[in-house]
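Student: Supplied in structure tokens, the structure appears directly below.
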Amino acid sequence: MGLSRRSLLAAGGLALLGLPACAVAGDEPADDGSGKVEVFSWWAGPGEKEGLEALVADFRQRNPGIEFGNAAVAGGAGTIARTVLATRLENDDPPDSYQAHAGLELASDIEAGYVEDVRYLYDQQRWRDRLPKGLVEALTFDGRIYSVPVNIHRANLLWYNPAVLEAQRLTPAETWPQFLTQAAALRRRGVLPLSIGPAWTQKHLLECVLLGELGADGYTGLWTGATDWAGAPARQALTRFIEVLAQSDAADAAADDWQPALDKVVAGTAAYNVMGDWADAYLRTRGLVFQEGYSVVPTPGSDGVYDFLSDSFTLPAGAPHRRAAEQWLIECGSVSGQDAFNPQKGSVPARLDADKSRYTGYLAQAIAEWTDSATRVVGSLTHGVVAGTVRSSAIDAALTLFVQDGDTVKFAAAAAG
Ligand code: GAL
């Protein structure tokens, strides 16, 4: 019977076979030595590919002998890429490294034995001392670490076009009820209050409304069990989400992805868009200048809170070019890699010892807030931090119905997991 390396890892196999754990390193899967690395991500669209290109350029410079294979699959938040990746992993055809997020999202891949423990790289590169403690905790499963973070993104952001708000004599909404009052006025004047995109952007909006309505503790409690989904505060927050969504173009003209949703704000046909700070990178690719062509505030009710996520790369079990994959991970975790990537990607470095002077415009503000000890940090639902894939998929399915029927009891029951 041929036991794949993956199934061995899944079963904690080496210990079962009576082999010492260090045999993993000695028993590395065949590396064809061809000096290639195939990296799988969803950074193919405008505002994302530029970041990847900058990281790859730095990688090439430091690893001239390794050919970079870009296996990016387009589509915001990896919705399409994840399906393609799942098939590859099931078929024992892993790339050399794939994009994931810090947090519970990776738990199912770890359980399936798809990814390797890379603590030896953390030791070698001394990453534990160079990353925020909370981030290392989010990356740790049963004492092991299975991915390397390249950045920190913020999800809870409300983007707007300053000229449009000025023309309407509005200042950015600070609470969701205030947003709803503004929305009524905007509608009367023929401006769409909020642009939106595909289903994942609605989930992203949902997490921001829950955060704004329940506060950092109440929101976090939804994932730890401390906040009752069926209780009055959570149900009221869900009702608020339905009210907010009704002020968007979800029902009739939702954009195909997050970039065209932002385009409506740029064009002035929509007042606001809720999106993570990859929006900053995209808006710059459109030639816009922060605080002139676009600006941003925390989503209503979330001032002082950083709803974080972190893109992190894995070492799949059975990676065809393992040694090159290790070099890629070292690149992702390095100061030079992060300082090449993040200014282009609209994110701040995961490393604490990066060169802050490289982060200007929106990013100067972001890095100051991320590193301010007074900032409250919570984890993103939509981007993998606080829920595993099973719970997250259950929420996706329930959300599709919820946006149609507005049944908070039913949605709360499904989301409670
Ligand atoms: C997130 C990812 C970000 C950005 C975004 C939109 O899941 O972490 O880096 O790419 O999707 O595609």
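The values are calculated or read from the model by the stated rules, or taken from the named source; none is laboratory data. This structure is a prediction, so every number in the text was calculated from the model and none was measured. Positions of Cβ are generated from backbone atoms using ideal geometry, with glycine treated the same way; all protein chains shown enter the neighbour counts. Side chains are part of the model used for accessible areas, which takes the heavy atoms of the whole protein and leaves out ligands, DNA and RNA. Shrake-Rupley method; radii C 1.70, N 1.55, O 1.52, S 1.80 Å.
Student: Could you state the principal axis extents of the C-alpha atoms in the stretch 200-280, from the largest down, to the nearest angstrom?
Tutor: Largest to smallest, the principal-axis extents are 41, 25, 18 Å.
Student: Now a separate question. Can you tell me which aspartates and glutamates have their Cα less than 13 Å from the Cα of residue 133? Leave out same-chain residues fewer than eight positions away.
Tutor: Of all the aspartates and glutamates, none pass the test against residue 133 - Cα under 13 Å, at least 8 places apart if same chain.
Student: Divide by every residue of the chain the summed helix terms, -39500 (n - 2.57) for each DSSP H run of at least 4, and state the resulting mean residue ellipticity at 222 nm, rounded to the nearest 500 deg cm²/dmol.
Tutor: Value at 222 nm, helices only: -13500 deg cm²/dmol.
Student: For the chain, what percent of Cα pairs sit more than 36 Å apart?
Tutor: In whole percent, the share of Cα-Cα pairs in the chain beyond 36 Å is 25.
Student: Still on this structure, I have one more. With a ≥ b ≥ c the root eigenvalues of the C-alpha gyration tensor of the stretch 113-156, is it rounded (a/c under 1.5), prolate (a/b larger than b/c) or oblate? Could you put the intermediate results ahead of the total?
Tutor: On the way: a/c = 1.87, a/b = 1.32, b/c = 1.41.
Note, shape of the stretch 113-156 comes out oblate.
Student: At q = 0.17, 0.19 Å⁻¹, work out log10 I(q)/I(0) for the stretch 45-155 with the Debye formula, treating every Cα as an identical point scatterer and leaving solvent out; two decimals please.
Tutor: -1.06, -1.32
Student: According to the square roots a ≥ b ≥ c of the eigenvalues of the Cα gyration tensor, what is the shape class of the stretch 332-417, taking rounded for a/c under 1.5, prolate for a/b larger than b/c otherwise, and oblate for the remainder?
Tutor: Since a/c reaches 1.5 and a/b is larger than b/c, the shape of the stretch 332-417 is classed as prolate.
Student: Further, regarding this structure: Taking the Cα centre of the chain as origin and charging only Cβ (+1 Lys, Arg; -1 Asp, Glu), how large is the dipole, in debye to the nearest 20?
Tutor: 580 debye
Student: If packing is taken as the average number of other Cβ atoms within 10 Å across a peptide's residues, how do 367-376, 144-153, 123-132, 194-203 rank, most packed first?
Tutor: Peptide ranking by packing, descending: 144-153, 194-203, 123-132, 367-376.
Student: For the chain, with a Gaussian network of springs between Cα atoms less than 10 Å apart, report the residue from 70, 273, 156 with the top mean-square fluctuation.
Tutor: 70
Student: Determine the share of the chain's accessible area contributed by carbon and sulfur atoms, expressed in whole percent, with a 1.4 angstrom probe.
Tutor: The C+S portion of the solvent-accessible surface of the chain is 53 percent.
Student: Using only Cα atoms, figure out Rg for the stretch 81-124 and give it as a multiple of 2.2 N^0.38 Å.
Tutor: Cα Rg divided by the expected 2.2 N^0.38 Å: 1.22.
Student: Also: If the elastic network links every pair of Cα atoms under 10 Å, which of 361, 301, 384 fluctuates the most in the Gaussian network model of the chain?
Tutor: Of 361, 301, 384, the Gaussian network model singles out 361 as fluctuating most.
Student: Pull up the DSSP beta bridges for the chain and report the antiparallel fraction as a percent, rounded to 5.
Tutor: 55 percent
Student: I want to verify a result. In a Gaussian network model of the chain, Cα cutoff 10 Å, which of these has the top mean-square fluctuation: 240, 322, 169?
Tutor: Between 240, 322, 169, it is 169 that shows the largest mean-square fluctuation.
Student: Here's another thing I want to ask about it. Give the cross-link partners of residue 264 among the lysines, using a straight C-alpha distance below 26 Å as the criterion and excluding same-chain residues fewer than 8 apart.
Tutor: Within the straight-line limit of under 26 Å, residue 264 reaches these lysines: 49, 203, 345.
Student: Here's another thing I want to ask about it. Gap in Å between the Cα centre of the stretch 362-417 and the Cα centre of the stretch 89-108?
Tutor: 20 Å
Student: Return one whole number: the accessible area per residue of the chain in Å², for a 1.4 Å probe.
Tutor: 40 Å²
Student: Amide H of residue 350: which non-local residues (sequence gap of 5 or more, or other chain) have their own amide H closer than 5 Å, using H built in the peptide plane?
Tutor: Residues meeting the amide H criterion: 151, 152.
Student: Average the reciprocal distances over every distinct pair of alpha-carbons in the stretch 257-344, invert the result, and give the Kirkwood radius in Å.
Tutor: Taking every pair of different Cα atoms in the stretch 257-344, averaging 1/r and inverting gives 15.9 Å.
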